[in-house]
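Colleague: Handing you this structure, nothing more for now.
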Protein chains: 4
Amino acid sequence: MVGGGPDSGIGETHRIAMRIDNKCELIAGAFSRSREKSLVVAKELRIAGERIYDNYRSMAAAESKREDKIDAVCVVTPTDHHYEVAKTFLEAGIHVICDKPLCVSLSEAKELLSLADKSGLIVCLTHNYTGYAMVRQAAKMVRNGDLGEIKAVHVEHASGWASKLQEDEKKNEPSWRMNPTRLGDASLLLDLGTHAHHLARFVTGLDVTQVVGELSTIVPGRAIKDNGHGLLRFENEARGTMWISMAAAGNEQGIRIRVYGDRGSLEWFHEDPFHLRFCSVNGPAQIFAQGTDCVSDEARRWTRGGLGHPEGYFEAFANLYSELADVIGAKGTGRDALGFPVALDGAKGLAFVEAFLRSYRSGGTWTNVEAIQ
Amino acid sequence: MVGGGPDSGIGETHRIAMRIDNKCELIAGAFSRSREKSLVVAKELRIAGERIYDNYRSMAAAESKREDKIDAVCVVTPTDHHYEVAKTFLEAGIHVICDKPLCVSLSEAKELLSLADKSGLIVCLTHNYTGYAMVRQAAKMVRNGDLGEIKAVHVEHASGWASKLQEDEKKNEPSWRMNPTRLGDASLLLDLGTHAHHLARFVTGLDVTQVVGELSTIVPGRAIKDNGHGLLRFENEARGTMWISMAAAGNEQGIRIRVYGDRGSLEWFHEDPFHLRFCSVNGPAQIFAQGTDCVSDEARRWTRGGLGHPEGYFEAFANLYSELADVIGAKGTGRDALGFPVALDGAKGLAFVEAFLRSYRSGGTWTNVEAIQ
Amino acid sequence: MVGGGPDSGIGETHRIAMRIDNKCELIAGAFSRSREKSLVVAKELRIAGERIYDNYRSMAAAESKREDKIDAVCVVTPTDHHYEVAKTFLEAGIHVICDKPLCVSLSEAKELLSLADKSGLIVCLTHNYTGYAMVRQAAKMVRNGDLGEIKAVHVEHASGWASKLQEDEKKNEPSWRMNPTRLGDASLLLDLGTHAHHLARFVTGLDVTQVVGELSTIVPGRAIKDNGHGLLRFENEARGTMWISMAAAGNEQGIRIRVYGDRGSLEWFHEDPFHLRFCSVNGPAQIFAQGTDCVSDEARRWTRGGLGHPEGYFEAFANLYSELADVIGAKGTGRDALGFPVALDGAKGLAFVEAFLRSYRSGGTWTNVEAIQ
Amino acid sequence: MVGGGPDSGIGETHRIAMRIDNKCELIAGAFSRSREKSLVVAKELRIAGERIYDNYRSMAAAESKREDKIDAVCVVTPTDHHYEVAKTFLEAGIHVICDKPLCVSLSEAKELLSLADKSGLIVCLTHNYTGYAMVRQAAKMVRNGDLGEIKAVHVEHASGWASKLQEDEKKNEPSWRMNPTRLGDASLLLDLGTHAHHLARFVTGLDVTQVVGELSTIVPGRAIKDNGHGLLRFENEARGTMWISMAAAGNEQGIRIRVYGDRGSLEWFHEDPFHLRFCSVNGPAQIFAQGTDCVSDEARRWTRGGLGHPEGYFEAFANLYSELADVIGAKGTGRDALGFPVALDGAKGLAFVEAFLRSYRSGGTWTNVEAIQ
């Protein structure tokens, strides 16, 4: 693991996800630039000191030479370091698990995609919300044709986590997410926009081809854009909207997707992640529950407990790790894996982010999203 | 009443709304072009035959001369006849209650607005969804400042009523709503878009100043647009989205508004119209219920039953009639009435419809909504 | 109408219910013991002074002699006067609409039942909650066998309306509902217990045969029991529970019924009265919405608006009046009417109330409910 | 771990719970009576073969002599073996984590309680549903006095897991839960009744002192009781009801608790476990969400993710293990631990089960629950 030091929330999330199904073991790390901090984490995790590295470069170099080397590295640094870390490990012949987004520009993303393709190495991108069993059920029902032809898609990742000015913003020392000179106006799109974009693609199986983008700032005193709306066009002519926000007062994570076809519709909402609402044109509405007999085999495979035992955020995350471990164990590659997002998805995400920004900056016109293959 | 013959749903709706609070009496009508059909309705309603007219012109002419003339006429004809009927009665010195939308073009709307202003007569426009007590509560909370400055607005009227091809469409004899040569692509905007636009304005107290419009057709074989998405900008720089549809499979009426400010947010959903969700940035979420002690005086005034006795569609409609009767009884005018939408609201609605269409037809660019005063 | 003076909520509720469908006209009344107050109501309702009576006796006497006499009287006095008023009008040959409960003792109820049977007159008892379309849908699904054999029933009428000490209680002048010397400990059972009992019988089609009753007082300082729990046995060996309360803090009306069979279950909750949840053993859960194509003909018949237009408390009440008007218009009798509760239902309710009280007073043992035929 | 072989669901659940927070390591086991099966599990878990035992007796004997002995044993056998296994390990000086219920009779329970008290060893009983953060929040709010004096409690564990005849029942080879000669009519009470009883005690802080019990069978052909209803009296004179079922068609786990005091009420429902509804007599209702600023410190301490990241069944289970590890690490004892249920809670559960059965068998009368100290 690179990143994930003592104060990192996302590092611990990845570690919990690894442990849940016991298919992955964390055996080496460069958790922090401070060796001292790294060792604090190592001790907690019972990792031998010799596998703790001062930085990702020495880790890649050393691990790639060991006989008992790591199968994959987990990258949980701030977003703007993903590219260099991922690239270094891919070049060292090590699979990469990368927290989303893949990187901060489409050109970086294309390079990583190309490296992954050439090397046959896996880049697993943890768009964890598509790890929920009922999101799998949704994707399955769309592919089954239960909704008919998809016509309208509404996707939201409108979180309330930053609906008040953060402590670091008040002190004029904004953290990387809020810093206008680090990710700038792209921050929201990189952080939440790529989640929303991936969720829409994953459930519908359709790429977004055009976008009108709009950004604004909700919280007074904030230096970056914390709110965005988009109009979407999909490859099959379906239309849609996107709402992303970090400042939606009173929201929890606010991830919601609603898909309407000419035969039916479905809705999944992250505040109730183990149910899925489906309604055909003929009604009545149906509520599918995780773990019941009426969900698809795939959704059942991603469920540990039986009927009515809710699984949450960590299990959704663990589902990605579980799939990844199976693929690596079977010596497969990630290019065509259905089970988890890969570099291709990451590159499509960056193409979307850049198109959205271009549209916004050009005054809000329909803008093409670059096709990635 | 003009229109509202034996097969009219909306006519009976208005009549129920009149009766609920017993402040209005229906005493004259031109319910149908067929006198026979008109008399069927008259008999049911115990209206004297001498007050049944062959058409709206004769009705306006005759009634305006009677000493016991009607106070107001209720116009429930197809939308494209509203203008001529409303104009005729205004010119005859009679108040007008008009089902929405006011008419089919902004120029017609301006003319009616001008007539109303000059004459001092009331034009009450029955945007009935703003008649719900909890929509009043929402509007009150926004004005109280409970949400802080309004920053994002999401409004939807995405109904499933026409998510299958209608009988008349199959026969190539589409009714006026579905007929490409009557209202055409504006039909959806006139029918549902004006509702959504009014709801957003009513709750936030803000006018929409710019729009990006997008239209599409969900149901195969349909000759008109049955689905639309918009991006909105409001006068105070708030942003928003609109979704309107008559073909959202599995939806009921699908009217929902969510308003986010920098201090809190609220959500009202027509499938549960007697509750309102509010959440401040400090939480927890609060659910206000119609008829409880914690709602505003205004919301309580629009409630007949006590705690926990749900009121619905007809009571919301009746609230508008009740307000109107009070205003007419008090010899007030409708221009400044807070209690019900008036010609000014109708004209603003038409300005929005035309801007949305212009935006769509010009390829989806930000388009100014004409300001109406 | 007898009762329903200027301060009466329930009187106005009945009057709204009459007006909604325009099948009933209110033409005479003894609204109050004070003629002055009666005339206030009469004026509002445009009722001729000659049809306003000083008391129910003179009204029954005078009306029964008129050629244009009332078809039916509506009794909305305090509960402990229902018996004498209903009896008087039945003896005068006039149909009776009686607010629930029918009366305050089983012996009174039997007498009224006997009078109704002998005379062929209708006693329509306004257990209004069974007037909701989706309660009709529930009853229909049970009778269709969608739930299999009924095995468990949970019914609640746990309102929060009196969860604080009322003004009159504080002054030691409790109103009739709270007065220990008027209805006493039976008050809650008469007021809300009969509603819950009727709802359970109506939906399941099963009589309650045995009960264990328990009563308590929630609000400090209250002189009567304001809370009750019961265990139920039904005629087919199904089991169940009942919760009734006037002091369930934070509840609205709190009317809920859940029925479980060996093939499926359903739930209806009065805070969302136009939806019904059904789930078969094979799932998924289904949500039936009022006004959609998938509800039964009977539920559709009790619906005025189209898809997604919520109807509420007043429409449910109006449904009973509408049925009654049809029956009277067709010169039918109320004994076998399916459309509204009758004297037989009232008598069964009183038998239940008395069994519940006997069980409670005897220390909480299984107690037989007298069978009424 | 004793039990938890290859087919055991509950064994894997405990193991996931141990891993999530990484405070416990599973290092020895007697997973099955078949050594072969035990070794299958051991291999998956990377446990050395020397720590795999043929049965719990040899495990207790061997482990108690090792210097690196286990701190605690986890007992996940069928319920009727809990007593002998727990007793053996307590006598060997090893802490016990026991899946619920503690054992199958009050006399066994008292013996284990006495052993625990004398030895100072911990018996942690995994009533996992009280491990949810929002159940902690509920308990905290009750103790804060937010509800005033508790007056009515409704608790349910009405699962649908066995709403169809199970495969083994059809073959006349019922598993231990369904076997009339193993746990018999007590099975449902032991399995789900103890959960409901503990949840009610945990949230309210009140013991149940009297019960009326009723049992029945929903699924045709089943040899045991699969459904039960109870009336409850609590030590402070609060009243309540209990519903337990394994055959509630269409339910998920069906765990719900509603508590009403004279100042407010709360509701927690396991199908939405990271929200808690609270309503004071003054309203409006409030929805507390896990991970927000407005929940108590204790509820926050039991939450891993931030705002709006749902935690579920496994995290609730893990919370108990986390607390236990802290107590054992700190050399505390379990007698007074607030963080997890202990032998005393288990004994109170058995006292309740036996009282419920006595009440049912004596025809349904109020029956005292033996007080345990």
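The values are calculated or read from the model by the stated rules, or taken from the named source; none is laboratory data. Since the model is a prediction, treat every value here as computed from it, not as a measurement. Glycine also receives a Cβ, built like all others from the backbone with ideal geometry; neighbour counts cover every protein chain displayed.
Colleague: Return yes when D:Asn172 is within 14 Å of chain C (Cβ to nearest Cβ) and either of a type in the set (Phe, Trp, Tyr) or more than 21 Å from D:Gly131 (Cα to Cα) (or both) and no when it is not.
Modeller: Spelling it out, it is not the case that D:Asn172 is within 14 Å of chain C (Cβ to nearest Cβ) and either of a type in the set (Phe, Trp, Tyr) or more than 21 Å from D:Gly131 (Cα to Cα) (or both).
Colleague: In addition: With (1) within 13 Å of another protein chain (Cβ to nearest Cβ); (2) within 13 Å of B:Gly131 (Cβ to Cβ) as the list, and B:Glu298 as the residue in question, which single condition is left unmet?
Modeller: Just one mismatch for B:Glu298, condition (1).
Colleague: Next question. Have a look at D:Gln290, D:Gln286 and point out the one that is in contact with a Phe, Trp or Tyr (Cβ under 9 Å, 6 or more places away or on another chain) and either surrounded by fewer than 24 Cβ atoms within 10 Å (Cβ to Cβ) or facing another protein chain (nearest Cβ under 7 Å) (or both).
Modeller: Going through D:Gln290, D:Gln286 in turn, just one is in contact with a Phe, Trp or Tyr (Cβ under 9 Å, 6 or more places away or on another chain) and either surrounded by fewer than 24 Cβ atoms within 10 Å (Cβ to Cβ) or facing another protein chain (nearest Cβ under 7 Å) (or both): D:Gln286.
Colleague: Which of the following residues is under 29 Å from C:Val104 (Cα atoms), within 14 Å of chain B (Cβ to nearest Cβ) and not charged (D, E, K, R): C:Ile47, C:Ile70, C:Ile52, C:Ile16?
Modeller: Within the list C:Ile47, C:Ile70, C:Ile52, C:Ile16, the selection yields C:Ile16.
Colleague: Out of the residues in region A:90-123 that are part of a loop (DSSP other than H, G, I, E, B) and under 14 Å from the mean Cα position of the chain (by Cα), which is surrounded by the most Cβ atoms within 10 Å (Cβ to Cβ)?
Modeller: A:Leu102
Colleague: Taking the options D:Phe288, D:Phe234, name whichever one is within 22 Å of C:Pro220 (Cα to Cα) and aromatic (Phe, Trp, Tyr).
Modeller: D:Phe234
Colleague: Let me ask something else. I'm told C:Gly240 meets every condition in (1) in a loop (DSSP other than H, G, I, E, B); (2) facing chain D (nearest Cβ under 9 Å) except one. Can you identify the failing condition by its number?
Modeller: (1)
Colleague: Also: Which one of D:Val208, D:Val259, D:Val212 is in contact with a Leu (Cβ under 9 Å, 6 or more places away or on another chain), more than 11 Å from chain C (Cβ to nearest Cβ) and buried (at least 24 other Cβ atoms within 10 Å of the Cβ)?
Modeller: Details: D:Val259 fails: more than 11 Å from chain C (Cβ to nearest Cβ); D:Val212 fails: more than 11 Å from chain C (Cβ to nearest Cβ).
Unique residue meeting the criteria: D:Val208.
Colleague: Got at least one residue in region C:26-34 being more than 23 Å from the chain's Cα centre (by Cα), closer than 26 Å to B:Cys24 by Cβ and β-branched (Val, Ile, Thr)?
Modeller: Checking region C:26-34: at least one residue is more than 23 Å from the chain's Cα centre (by Cα), closer than 26 Å to B:Cys24 by Cβ and β-branched (Val, Ile, Thr).
Colleague: Another question, then. I'd like to know if region D:13-34 contains one or more residues that are without any contact (Cβ under 8 Å) to a residue 40 or more places away in the chain and over 25 Å from A:Ile20 (Cα atoms).
Modeller: yes
Colleague: Looking for something under 30 Å from C:Val41 (Cβ atoms) and at pLDDT 95 or above - is there at least one such residue anywhere in region B:28-36? Show your work before the answer.
Modeller: Residues of region B:28-36 under 30 Å from C:Val41 (Cβ atoms): B:28-29.
If we keep only those that are at pLDDT 95 or above as well, we get B:28-29.
Yes: region B:28-36 contains one or more residues that are under 30 Å from C:Val41 (Cβ atoms) and at pLDDT 95 or above.
Colleague: Still on this structure: Tell me, yes or no, whether region C:248-256 has at least one residue that is at pLDDT 95 or above, facing chain D (nearest Cβ under 9 Å) and within 28 Å of C:Leu125 (Cβ to Cβ).
Modeller: Scanning region C:248-256, I find at least one residue that is at pLDDT 95 or above, facing chain D (nearest Cβ under 9 Å) and within 28 Å of C:Leu125 (Cβ to Cβ), so the answer is yes.
Colleague: Are any residues in region D:136-160 on the phi < 0 side of the Ramachandran plot, surrounded by fewer than 20 Cβ atoms within 10 Å (Cβ to Cβ) and either part of a loop (DSSP other than H, G, I, E, B) or charged (D, E, K, R) (or both), and if so, which ones?
Modeller: Of everything in region D:136-160, those that are on the phi < 0 side of the Ramachandran plot, surrounded by fewer than 20 Cβ atoms within 10 Å (Cβ to Cβ) and either part of a loop (DSSP other than H, G, I, E, B) or charged (D, E, K, R) (or both) turn out to be D:Lys140, D:Arg143, D:Asp146, D:Glu149.
Colleague: Take the residues of region C:270-283 that are under 24 Å from the mean Cα position of the chain (by Cα) and within 11 Å of chain D (Cβ to nearest Cβ): which is modelled with the lowest pLDDT?
Modeller: Result: C:Glu271.
Colleague: For region B:220-232, name all the residues that are basic (Lys, Arg) and surrounded by fewer than 23 Cβ atoms within 10 Å (Cβ to Cβ).
Modeller: Listed by number, the list holds a single entry, B:Arg222.
Colleague: Within region A:183-204, can one find any residue that is in a strand (DSSP E or B) and modelled with pLDDT of 95 or more?
Modeller: Looking for residues that are in a strand (DSSP E or B) and modelled with pLDDT of 95 or more, one finds none in region A:183-204, hence no.
Colleague: Applying the selection to region B:1-12, what residues are surrounded by fewer than 23 Cβ atoms within 10 Å (Cβ to Cβ) and either touching a Phe, Trp or Tyr at 6+ places or on another chain (Cβ under 6 Å) or of a type in the set (S, T, N, Q) (or both)?
Modeller: B:Gly5, B:Ser8
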